[in-house]
1. Pull up segment 34-47, narrow it to residues that are closer than 29 Å to I169 by Cβ and buried (at least 21 other Cβ atoms within 10 Å of the Cβ), then point me to the one that is modelled with the lowest pLDDT.
2. Of a type in the set (D, E, K, R), closer than 16 Å to R54 by Cα and at pLDDT 95 or above, is that true of D88?
3. Go through segment 117-171 residue by residue and tally those that are in contact (Cβ under 8 Å) with a residue 40 or more places away in the chain and of a type in the set (K, R).
4. Could you tell me how many of the residues in segment 170-223 are at positive phi and in contact with a helix residue (DSSP H, G or I) (Cβ under 7 Å, 6 or more places away or on another chain)?
5. Can you go through Y50, Y28, Y67 and tell me which one is at pLDDT below 95, on the phi < 0 side of the Ramachandran plot, buried (at least 18 other Cβ atoms within 10 Å of the Cβ) and of a type in the set (F, W, Y)?
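The values are calculated or read from the model by the stated rules, or taken from the named source; none is laboratory data. Predicted model only: the values in this text are computed from it and were never measured. Here Cβ is always computed from backbone atoms with ideal geometry, including for glycine, and neighbour counts include all displayed protein chains.
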Amino acid sequence: MAVLTGAGVSAESGVPTFRGKDGLWKHYRPEDLATPDAFSRDPRLVWQWYNWRRGLIARANPNRGHYALADLERTAPEFTLITQNVDDLHEQAGSKNVIKLHGDIWQVRCLSCGRDWIDTRPSIAELPPRCGCGGLLRPGVVWFGEELQPGIWDRAEYAARRAQVFLVIGTSAVVYPAAGLVRMAKCSGAKVVEINLAETVITSQIDAFLAGPCGELLPKLIA
């Protein structure tokens, strides 16, 4: 069994989505905040935005959907959770085998020496922050225009191709290459089930669609 989650899973915990009615991109342009060029142009602005996001995520708690997936992992013989989210709510809920396609908002990486580490402060005082070597630090997330880490993608692809059941939860299914995992799983013989508030571009191509909040439907489905 494999699962692909998106921002909709964490929305019920108070973490804004990117493309919903109140999504973050309704107020900000991604090219201003989440690209290498944006960071080169104004690292302080980008870090101010990520500080704001870190504060939101620090106050959030896992919801019933997160806990249901952790429960499912404990009962499945082979289970992989692939997430597009950069928060740690799946891990807080107890999920173990988590592949974070788009990185981790709590990770920072030095652009000079290459060192990276976890910094869980909800707000970083010095903006933009710097490494002990003096180099500029960046958030350890994958920005628009950047490639996924090869090892991370290989693990996700392996899980999708092996899955007998593939759940797609709370994602718009328009961000590639993550969205390509759905077709990959389907072509490899998996039964694909989507759980979402509304239909998406993949709904007509899969086996079942369940409309509603993840926190409400996942516990029922897993039970």
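1. A34
2. yes
3. The qualifying residues number 4.
4. Number of matching residues: 2.
5. Testing whether each residue is at pLDDT below 95, on the phi < 0 side of the Ramachandran plot, buried (at least 18 other Cβ atoms within 10 Å of the Cβ) and of a type in the set (F, W, Y) leaves just Y50.
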